[in-house]
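Report on one structure; see the data block that follows.
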Amino acid sequence: MKITVLCENSVCMDYECKYDIKAEHGLSLFVEVNGKKILFDTGSKGQYVRNAKIFGIDLQKTDFVVLSHNHEDHSWWLVFHNFRAKKKIIFHPQVLKDLPSKEAKKIQKEFKVITSTTPIEFVPNIFFLWDIPLTTSFETGKYRTWKKIIDDSAIAIKTPKWVFVITGCSHSWIWNICEYAKKVTGQKLLGVIWWFHLFSTWDRKILEWIIQYFKKEKVKYLYPMHCVDFEAMMSIYKEIPFEKLWTGSIIEI
């Protein structure tokens, strides 16, 4: 499995100086696994297209586009894509309802839309989780307006013994997502690429719960990024050392 960070909130100085890549507030990954190529989210300002060219990644060879949820820093730049052929696109059906009408119609016209409300194995051993059950008693997947974000989902990549999870913002919250990925695949947790709105000033108890959860799960690969503040990252790092990824980073597992 190879994952290239096409865009993220930050960029390493070495990457910027050597390759002139740009970061933006948002997320886009290029995932290569089991002979398939998956574009996971597209950011908000198109840097994923520019950076892919610099990295030598041909986005025309994308097999599937996957949107984690409807927020602009993850999905809205998709309408400015440059795909020459209709690509298969996977997202929760609520995404089309939450996107602006013009953009939603454009996506329906220019892509082969795949939607469902139950987990789907869209590539052998790769699952899109769709609806994430909210099982914790102290968090219900809400954000800012305290309205449940129905369409927030994730990818689960199954190996013979483990599962690797790729999230968007984890508005369904990371323990709900990981527990559901384990249930769907029947495997233990290997690793998580983990974007979610975790700020140490919001609720220290939740941060400590997350740290203890990953320690209990004995996660081998952990990559918290995007909307995770510095203090929260350092609290996690003290307990579970991890590699900080940036725009331009490559993970090979």
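The values are calculated or read from the model by the stated rules, or taken from the named source; none is laboratory data. As the structure is a computational prediction, the values presented were derived from the model and not from experiment. Don't worry about glycine lacking a Cβ; one is built from the backbone with ideal geometry, like all the others, and counts go over all protein chains shown.
A few points about this structure:
- Ser116 falls short of the stated requirement of being surrounded by fewer than 18 Cβ atoms within 10 Å (Cβ to Cβ), polar (S, T, N, Q) and without any contact (Cβ under 8 Å) to a residue 12 or more places away in the chain.
- Residue match in the stretch 102-123 (condition: closer than 18 Å to Thr4 by Cβ and under 18 Å from the mean Cα position of the chain (by Cα)): yes
- When the stretch 39-64 is limited to residues that are crowded, with 24+ Cβ neighbours inside 10 Å and at pLDDT 95 or above, the one that is farthest from Ala156 (Cα to Cα) turns out to be Leu39.
- Complete set of residues in the stretch 4-20 that are modelled with pLDDT of 85 or more, of a type in the set (A, V, I, L, M, F, W, C) and either out of contact with any Ser or Thr (no Cβ under 6 Å at 6 or more places or on another chain) or within 30 Å of Glu121 (Cα to Cα) (or both): Val5, Leu6, Cys7
- Of residues in the stretch 127-175 being polar (S, T, N, Q) and modelled with pLDDT of 85 or more, the one nearest to His92 (Cα to Cα): Ser153
- For the stretch 197-204, the condition of being in a loop (DSSP other than H, G, I, E, B), on the phi < 0 side of the Ramachandran plot, at pLDDT 85 or above and of a type in the set (D, E, K, R) holds for none of the residues.
- Subset of the stretch 37-86 [acidic (Asp, Glu), under 15 Å from His25 (Cβ atoms) and outside any helix (DSSP H, G or I)]: Asp41
- Within the stretch 229-250, residues that are free of Cβ contacts under 8 Å to residues at least 24 places away in the same chain sit with their Cβ atoms under 6 Å from residues that are aliphatic (A, V, I, L, M), at 6+ positions apart or across chains, in these pairs: Phe242/Leu222.
- The single condition among (1) modelled with pLDDT under 90; (2) part of a loop (DSSP other than H, G, I, E, B); (3) hydrophobic (A, V, I, L, M, F, W, C) that Ile193 does not satisfy is (2).
- Looking at Tyr237, Tyr223, just one residue is of a type in the set (Phe, Trp, Tyr), at pLDDT 85 or above and either under 19 Å from the mean Cα position of the chain (by Cα) or not in a helix (DSSP H, G or I) (or both), and that residue is Tyr223.
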